[in-house]
1. What angle, in degrees between 0 and 90 and rounded to the nearest 10, separates the Cα long axis of helix 420-434 from the longest principal axis of the Cα atoms of the chain?
2. Let me know the charge dipole size of the range 325-411 about its Cα centre in debye, to the nearest 20, where only the beta-carbon of Lys, Arg (+1) and Asp, Glu (-1) is charged.
3. For the range 303-435, what's the relative contact order in percent, using C-alpha pairs closer than 8 Å and at least 6 residues apart?
4. Got the relative contact order for the chain handy, in percent, Cα pairs under 8 Å and 6 or more residues apart?
5. Per DSSP helix of 4 or more residues, -39500 (n - 2.57); summed, then divided by the residues of the chain. What does that give at 222 nm, rounded to the nearest 500?
6. Can you pick out the pairs among Lys81/Lys352; Lys32/Lys132; Lys88/Lys394; Lys352/Lys413 whose Cα atoms lie more than 31 Å from each other?
7. For the range 22-59 and the range 239-301, write down the distance between their C-alpha centroids in whole Å.
8. Could you check which residue among Lys136, Lys294, Lys80 shows the biggest mean-square fluctuation in a GNM of the chain with a 10 Å Cα cutoff?
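FYI, it's all coordinate maths here, none of it is from the lab. As the structure is a computational prediction, the values presented were derived from the model and not from experiment. Cβ placement follows ideal geometry from the backbone for every residue including glycine, while neighbour counts extend to all protein chains displayed.
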Amino acid sequence: MDQKNSHSGNWLILAHCFNMDGRAASQTITDKLPYLLAEGIVPVVLSAPTGTRDDRFPHSQIYSAAPSGILFELRQIIKKKVSNRLLKIFLKAILTILILPFYIFEKIFIHLDSHWSWLISASIKGGFLIKKYRPKIIYTSAGPTSTHAAGRILHGLFKIPWIAEIHDPLVYDRDTGGYSQRYRFNMWVERSIFRHADAVIYFTHRALNNARGRNADRNNLYVIRPGAPLIDFPGIGYEKLDRIHFGHFGSLGYGRDFSIFFKAVHDLIRENPEWRNKISIDIYGMDLDPVSRKTLIDYPLNGILCEHGRLEYDPATGKSGRRQVLEAMRRCDVLLIIHGMDITCEEYIPSKLYEYFFTFRPILGLARPESELRELLENNGHIFVDGENLHRVKSVIKDLVTRWESEGLPDQKTKSSFTVKDAVASLLIITGRIL
């Protein structure tokens, strides 16, 4: 039997986050589907109701079983469906008031993330889907720990081969959770994956090796970079404008903030006052975190910092939020990726990096020197800087501004080797071994 015939047929795909415009956890799985369909694979998808239902294949959307999950999912639906800002606030407030007593009761006894109870709903619904569609593979792609927990339950009940694709580590080596419920639950899920999954996929070598150190070593562990789809930008080329635009896309969080970058730009403008009208920092997809906000008090960047917020579907142009983001990336002079100084940042790579590569724009990455981000950037002709070295960050920004002033910053010539097509090809090789 050839490889294509061996893996074609129905696959049960569990992905809590699915068809959510601009969400990395969603794009990681939804980008793969055209290639899976081309191989004769029929996805039978089970997800939360927060994304758009896909009518190309069986797609079931189910709510979580507990108040915290229901509250999260309904708030996401309100955010997606309601455009009026005041109505959105009102509906969210009413929803919170109605669910709050049940939410408090849940939190008295259960201290897990808001998605935990989706494993109950997904396990029950998944059982019905397995009986109806008889899938060859259970493929969990996440995201929330509950996705893999449901995969473990269904694998145990129906003895169908199981592939677990772990986006961000479930447990970190220096996890501060101690013996909290969340830590113990995540450890149980990780151990279950290592003991029972037929294949375990990570996105970085560091995450895989650290998880291997916590569990019995096995030969079914793989690293597959998720990559990005081939992106076309008809009519959108780089053009030098009156300012050099540093663009950051995506979210930041604990250990990942703009403090060093803001300080560096502020110092450079103080040293070169004429640059105040030459530099722009464009932030897309997020509100500034508290650390970055606090930094702006001591290092103000008035007239330089521009917060564009999250780009959503535009009915006037018919462009999705993701498409608008990609086009905004293409127009930037320099793309920023700030990976953070916390040691946990060594175990994952922001998914935006793979989209950055396909824009051919110069990328400036700030991270720990030990991060795999350094190798990925430097091997693809981009710039890496130790995110704690303020002097070096200033020097690199100064060099970029000087080059921009003299000749602009033309497209990079290095072509990205990280495509979704290649990621799917690696996945199918693994599947062929299992089947």
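1. Orientation of helix 420-434: about 30 degrees from the principal axis.
2. That gives a dipole near 320 debye.
3. Contact order relative to length: 19 percent.
4. 15 percent
5. One gets -14000 deg cm²/dmol as the mean residue ellipticity at 222 nm.
6. Beyond 31 Å between Cα atoms: Lys88/Lys394.
7. The range 22-59 and the range 239-301 have Cα centres separated by 36 Å.
8. Top of the fluctuation ranking is Lys294.
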